[in-house]
1. Asp310 label point, 7 Å along Cα→Cβ, cut-off 20 Å on backbone N: hits in the range 225-255?
2. For the range 336-369 and the range 252-312, write down the distance between their C-alpha centroids in whole Å.
3. I'd like the accessible area for Asp332, computed on protein heavy atoms only with a 1.4 Å probe and all protein chains in place. Round to 10 Å², please.
4. Restrict the search to the range 26-94; then list the trypsin sites (Lys or Arg not before Pro) that DSSP places in a loop and that have at most 14 other Cβ atoms within 10 Å of their Cβ.
5. Enter the per residue convex hull volume of the range 225-369, computed from alpha-carbon coordinates, in Å³ rounded to the nearest integer.
6. Roughly how many Å² of Glu314 are accessible to a 1.4 Å probe, to the nearest 10?
7. I'd like the orientation of helix 178-195 relative to the chain: the angle between its Cα long axis and the longest Cα principal axis, in ° from 0 to 90, rounded to 10.
8. Extent of the chain along each principal axis, from alpha carbon coordinates, in Å, largest to smallest?
Amino acid sequence: MLRVQDLFKRYQAQAGEPAGGVFTVSFEVQKGEMFTLLGPSGCGKTTTLRCIAGLETPDQGVITLDNETIFDGPTDKIVPMYDRDIGMVFQSYAIWPHMTVFENAAYPLRVARKKKYSREDLEKRVDRVLEMVGLLKFKRRSATQLSGGQQQRLALARALVREPKLLLLDEPLSNLDAQLREQMRAELKRIQLEWGVTTIYVTHDQAEAMAISDRIAVLDHGKLVQLGTPDEIYELPRSEFVANFIGRTNMFRGQCVNNAEAGAMGTVRSEIGEVRCHFPARHGAGENVSFVVRPENIELREASVGAMGDNTIEGKVMSRVYLGEIAEYSIDVDGKFQLLVRGAPGNGVKAGDRVRAYLPPEKTIAIFT
């Protein structure tokens, strides 16, 4: 449905110095997909979204929507924003305060350039979309009388009423409290699936991205650093940035003992000894490498049980934090580093115990430094 090729947009500060942007970003979005641009503030995700919408003009690149080129840098082709079949929900919602709920939702149909809607058709379309987002009974209410969550639903209804080919959502839940944000996250996914609209979602919230996305593009300093499903991004990070940004992890550095092919097991010599790891990408012998293991993948054993073996670290439990369904342990290893482990609360491990932590090789992932 959407293809972005070599998108480049550089901003300049007043002094003429570079001030962010996106640098040669490429990706494709499939029809009906919920595709998320994820990254910290200033990484370029909103710039990418605004270039697709036509709110920003890229310096270079090609953007194609449903086989129609809407921006082409080499030929200077630019389809105006109002002629792109795109709906957009802004972070601030941009609700018209002087209009009713119905009139807010109907506005895109009233100003449509390519098609005129009869009164009956307009009301039918608006009622349908308001019913879908749960606002039909409020259609005659002033938009200023809506709660934050209801305003978010209205902004979504207004973006969908024209049945666009592509829906763009720019951090639409950031203004809501935590409980409502979680509720609306589920509602957004339900509506997107029910409507079947291809969607690009922008957020800096990792949990939000993991919960609703079919695929995630992680951006850092204007560059796309990893693209994959939520499972792939979490389980197989390709860089230190992705490993640290997506969830919590333990990270160590070392050197490859021998050549390791992509998808194979290999050995890394590190401060905790030689560790067997899974290598998603090829690394050569002697090459510097990091490896990560998620806290929930580490197995804790009492130090008196079993012999020390490969991928086993001995240490002392410095703290145990009870979190309900899990407990979080901080393990001190010879005063050199702390190992974070999450496990079952009823395993009998408590603060002060000597333990052995086993790092399963298939869950210990080697990445580029």
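The values are calculated or read from the model by the stated rules, or taken from the named source; none is laboratory data. The structure presented is a predicted model; accordingly, all values stated were derived computationally and were not measured. Using ideal geometry, Cβ is built from the backbone for each residue, glycine included, and neighbour counts are taken over all protein chains shown. To get the accessible areas, we keep the full protein, side chains included, count just its heavy atoms, and leave off ligands, DNA and RNA. Shrake-Rupley method; radii C 1.70, N 1.55, O 1.52, S 1.80 Å.
1. 252-255
2. 13 Å
3. Surface accessible to solvent at Asp332 totals approximately 30 Å².
4. Of the trypsin sites (Lys or Arg not before Pro), the ones in loops of the range 26-94 whose Cβ has at most 14 other Cβ atoms within 10 Å are Lys31.
5. 107 Å³
6. 60 Å²
7. Compared with the principal axis, the helix lies near 60 degrees.
8. Principal axes ranked by extent give 79, 49, 40 Å for the Cα atoms.
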